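Since every read-out is calculated from the coordinates, none of them should be taken as a lab result. For clarity, every value in this text was computed on a predicted model and none was experimentally measured. Heads up, the Cβs are rebuilt from the backbone with ideal geometry, glycines too, and the neighbour counts pull from every protein chain shown.
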Amino acid sequence: QAKETIECKKLDNFIDEFSNLKKPILLKIDTQGYEMEVLKGAETLFFDKKVLFVKSEFFLVPFFKENKLLGHQHVYLHDHGFRMIGMQLDKNAYMQGVRSKIPPMADTRLIYGGDAYFMLDPVMNKLNADVLLRMGIISLALGFRSLAISFLTDSRLVSEDDLIDIEKALEKLPLKKRLKYLWQTLPDKILKIIRR
């Protein structure tokens, strides 16, 4: 199979376009093992605090040549003032070695990857009101609801009445999400009952 080398521009090459942005900045990366190269190509953007959140695909095992793993991303972003705040482990699980007849329902399969979420750490960085407001908006978009309320409150750019209305709206969950949450928490609840 033939291989072709493609020259790519770094995100830092677009720094002028980023400097004029006055809206939330979320960097979403899904580059099949080259996530670290994208992060390194945004060095200036990170240094200038232009990126507020990162959602990046990660791997726990090296599937690709020179594939960097989750730990590499975590350390790199931490060194640039970011905090890891969540993971989605929804990639297909796998079995090691000999295939077993044990069904997936009765087994905990191995995880090879997922998506990791990072935010500019408000403890490590001094953030102004505009940045806090934008971080609140991005948090909402990503589903981090209580984090969003915290940022919106800290920004002091949203009125108390509006915050109350936003929080009331965010408390409501569609039936499908409530059932999914109950289903996911059921094993822990059963385990607590058994241990009594």
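For the stretch 25-78, run through the trypsin sites (Lys or Arg not before Pro) and keep only the ones in DSSP coil with at most 11 other Cβ atoms within 10 Å of their Cβ.
Sparse-neighbourhood loop trypsin sites (Lys or Arg not before Pro): K65.
Using each residue's phi in the stretch 161-175, evaluate 6.51 cos²θ - 1.76 cosθ + 1.60 at θ = phi - 60° and report the 3J(HN,Hα) Karplus result to the nearest Hz, with x for Gly and Pro.
Running phi through 6.51 cos²θ - 1.76 cosθ + 1.60 with θ = phi - 60° gives 5, 5, 4, 4, 5, 5, 5, 4, 5, 6, 5, 6, 10, x, 3 Hz.
For V61 and K192 in one chain, what is 0.36 nm times their gap in residues minus the Cα-Cα distance, to one decimal in nm?
Once the chain is fully extended between V61 and K192, it gains 43.9 nm.
Would you work out which of I193, G81, L157 lies farthest towards the positive end of the dipole of the chain, given +1 charges on the beta-carbon of Lys and Arg and -1 on that of Asp and Glu, about the Cα centre?
Final value for the positive-end residue is I193.
Between I6 and V123, 0.36 nm times their residue separation minus their Cα-Cα distance comes to what?
Additional length available on full extension: 38.2 nm.
Using the C-alpha gyration tensor of the chain, what are the square roots of 5 times its eigenvalues, in whole angstrom, with the largest one first?
Here the semi-axes work out to 32, 30, 13 Å.
Pop a pseudo-label 7 angstrom from the Cα along the beta-carbon direction at both Y181 and K49 and give the gap in nm to one decimal.
3.3
FRET efficiency for R83 and T108, Cβ-Cβ distance as r, R0 = 45 Å, nearest 0.05?
0.95
Using the beta-carbon distance between L163 and L69 and R0 = 41 Å, what value does 1/(1 + (r/R0)^6) give for FRET efficiency, to the nearest 0.05?
Numbers: r = 39 Å, r/R0 = 0.96.
Given R0 = 41 Å and the Cβ-Cβ separation, E is 0.55.
Using DSSP to define loop residues, name the chymotrypsin sites (Phe, Trp or Tyr not before Pro) in the stretch 41-112 whose beta-carbon has at most 10 other beta-carbon atoms within 10 Å.
none
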